[in-house]
Amino acid sequence: MMTPMRYALVVLATVIGLHIVVSYSSDGYRRIVSLANLKKQVFHPSPDIPPYKLSIPDEYRIHTNWTAPERRASAAFVFLARNGDINGVVSSMKQMEDRFNKKFRYPYVFLNEVHFDEAFKERVLELTDADVQFGLIPPEHWNQPPEIDEKKATEAREQMVRNRVIYGGSVPYRNMCRYNSGFFYRHELLKPFKYYWRVEPGVTYFCDLDYDPFLFMQDNDKLYSFTLALPEYVATVPTLWDEVKAFMANNTDLIARDNAMDFLSNDGGLTYNLCHFWSNFEIASLDLWRGEAYSKFFDHLDKAGGFYYERWGDAPVHSIGAALFARKDQIHFFDDIGYRHEPYQHCPKGESHKRGKCYCDSNQSFDYHYYSCKKKFDQLFSSS
């Protein structure tokens, strides 16, 4: 007597045998049961659905699951942006992810003087697996302080407009410069971190980065870094150096030994040569700005009112602060990070260009252009 199991096996063998025989004897049957046809039926279930609307099967995809290194610095990317900057933001962020952060997964902090809208957040969150936080800037950190003489400030703006000074008539631009100079690092969202990388909307990163610059800064006692250096517009800072000298005269104990004064001045500090690190790119220690020396320095400048009576930018303020309150060897030039902020760019050369798979033209690098201050930085380490 045939058991149920044996009966099932006999039936299965019969079906398989018939399938093999018919497959060889009938082209039509063979086409119907082919793997390609079955896939077509599965992935194109309805003639009313255009093929491009169906997801590509997983078998065609390469699954790369990046695992962030176990040892990381306490660091974050910082974006100061408005909702209207979203296209520039996603462009910069996508490059940062592709060039570096998809491997390292450092978090992002976005700051705005108004709430970010949901459309902004959605587009940003699609770009990364890293943590992202959106912060609101306190009005008292962003807005023009009440002690500023508005009549004097208005007259100064109007004069700059007549002189065609870029952003000369803008109060929001001045708010931004003051905020970047003395307040961003105080935001609640940045309190857990020791280092930051400032990222601007609409910039370009030319090269892959296969190491962690935050850890490099941390392990080598670096406090500030840059990729571009150039002179400031003299019309925006006519009295800035007077205030710097006044501060130095009253706070000699806060000035670092072996500092980078010679980057800022050609005559030992009597005058300002206008050189500064272009702060739209900076990787730096938050503790540099949080420290006693820079805190007192910023408070001195803020009381002078030059952010509104003139148009002091965060680039010269940060640069002077780094040059005075850090040793010169604590300031680093990231030669292997290719970067462009219109209209200038830094492009690595030689082995760094090759290793980073950079797509910029090294011959178009701003480093040794006559207008660049990079040579002044190099001279800090020259024996001649």
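The values are calculated or read from the model by the stated rules, or taken from the named source; none is laboratory data. In this text the structure is predicted, and so the values were computed from the model without any measurement. All Cβ positions, even for glycine, are placed from backbone atoms using ideal geometry, and neighbour counts span all protein chains on display.
For the stretch 165-209, name all the residues that are free of Cβ contacts under 8 Å to residues at least 40 places away in the same chain and more than 21 Å from residue 305 (Cα to Cα).
191, the sole residue that qualifies.
I need the full set of residues from the stretch 323-346 which are buried (at least 22 other Cβ atoms within 10 Å of the Cβ), in contact with a strand residue (DSSP E or B) (Cβ under 8 Å, 6 or more places away or on another chain) and not in a strand (DSSP E or B), in order please.
Result: 323, 326, 337, 338.
So how many residues does the stretch 347-384 have that are surrounded by 17 or more Cβ atoms within 10 Å (Cβ to Cβ), touching a residue at least 60 places away in the same chain (Cβ under 8 Å) and among the charged types (D, E, K, R)?
So the answer is 2.
Taking the residues in the stretch 269-295 that are in a helix (DSSP H, G or I) and of a type in the set (Ser, Thr, Tyr) as candidates, determine which candidate is farthest from residue 222 (Cα to Cα). First the steps, then the outcome.
Filtering the stretch 269-295 for residues in a helix (DSSP H, G or I) gives 286-290, 292-295.
Going one step further and asking which of them are of a type in the set (Ser, Thr, Tyr), we end up with 294-295.
Details: 294: 16, 295: 19 Å.
My answer is 295.
Go through (1) out of contact with any strand residue (DSSP E or B) (no Cβ under 9 Å at 6 or more places or on another chain); (2) within 26 Å of residue 78 (Cα to Cα); (3) not in a helix (DSSP H, G or I) and name the single condition residue 298 misses.
In the conditions (1) out of contact with any strand residue (DSSP E or B) (no Cβ under 9 Å at 6 or more places or on another chain); (2) within 26 Å of residue 78 (Cα to Cα); (3) not in a helix (DSSP H, G or I), residue 298 misses (3) alone.
So residue 153 fits all but one of (1) assigned to a helix (DSSP H, G or I); (2) under 18 Å from the mean Cα position of the chain (by Cα); (3) of a type in the set (Gly, Ala, Ser); what number is the exception?
All conditions pass for residue 153, except number (2).
Looking at the stretch 347-376 only, could you name the residues that are within 16 Å of residue 213 (Cβ to Cβ), in contact with a helix residue (DSSP H, G or I) (Cβ under 8 Å, 6 or more places away or on another chain) and part of a helix (DSSP H, G or I)?
none
Looking at the stretch 48-98, which of its residues are within 30 Å of residue 287 (Cβ to Cβ) and modelled with pLDDT under 95?
66, 67, 68, 69, 70, 71, 72
Which residue is farthest from the chain's Cα centre (by Cα), if the candidates are limited to the stretch 166-208 and must be among the aromatic types (Phe, Trp, Tyr) and part of a loop (DSSP other than H, G, I, E, B)?
As a first pass, look at the stretch 166-208 and keep what is among the aromatic types (Phe, Trp, Tyr): 167, 173, 179, 183-185, 193, 195-197, 205-206.
With part of a loop (DSSP other than H, G, I, E, B) added as a condition, the list becomes 167, 183, 193, 206.
Values: 167: 23, 183: 18, 193: 15, 206: 13 Å.
It comes out as 167.
Could you count how many residues in the stretch 205-221 are surrounded by 16 or more Cβ atoms within 10 Å (Cβ to Cβ) and of a type in the set (S, T, N, Q)?
So the count comes out to 1.
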